[in-house]
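Q: Here it is: the structure, laid out below.
The values are calculated or read from the model by the stated rules, or taken from the named source; none is laboratory data. The structure presented is a predicted model; accordingly, all values stated were derived computationally and were not measured. Cβ: placed from backbone, ideal geometry, glycine included. Neighbour counts: every protein chain shown.
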Amino acid sequence: MARLDGRVAVVTGAGRGIGASVARALAAHGAAVVVNDLGVALDGTEPDGGPARQVVDGIAASGGTAVANGDDVADHAAAERLVRTAIERFGKLDVLVNVAVSLYSNPEPVRQIVSTGPWDLDKLANLVESTFRPVVEGSGGPWTPRPG
């Protein structure tokens, strides 16, 4: 029995690089994997499902179980669809690995969030909360908002 048999993982940004390696490693240890990637160019243009499908094909060729998903995790409704993909396809969600990056050619939104002031740290906390709320709620778990 593999270490992650019966577990279900979602890996964002899994069409290439580190995300693809994480998805393949989880599958090699027995997890069913939702390979999420927009497949865009470095400037954020030209979405293409090919990279995610290639990772899924490689996992399947190695005897693993995976499904491709092209939802944009920066969008709340799309993040909920991503979680629903795991639950509808595999019955649950045990692991979430977020490797997706949405900087592209305009890092200004991140610059606006990250600075030294406490107000900006609150903005960062809100970003993290808005990212993980649909994941937690979509998996059937309780969401406990941060105090304040």
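Q: For the stretch 1-31, what are the residues that are under 13 Å from Leu93 (Cβ atoms) and under 14 Å from the mean Cα position of the chain (by Cα)?
A: Selection gives Val8, Ala9, Val10, Val11, Thr12, Leu26.
Q: Additional query: Which of the following residues is in a helix (DSSP H, G or I), touching a residue at least 12 places away in the same chain (Cβ under 8 Å) and not β-branched (Val, Ile, Thr): Ala68, Ala14, Ala78, Ala20?
A: Ala20
Q: A further question on this structure: Count, please, the residues in the stretch 23-47 that happen to be part of a strand (DSSP E or B) and touching a residue at least 40 places away in the same chain (Cβ under 8 Å).
A: Number satisfying all stated conditions: 3.
Q: Can you tell which of Gly63, Gly58 is more than 14 Å from the chain's Cα centre (by Cα), farther than 15 Å from Val8 by Cα, modelled with pLDDT of 90 or more and assigned to a loop (DSSP other than H, G, I, E, B)?
A: One residue alone meets the criteria, Gly63.
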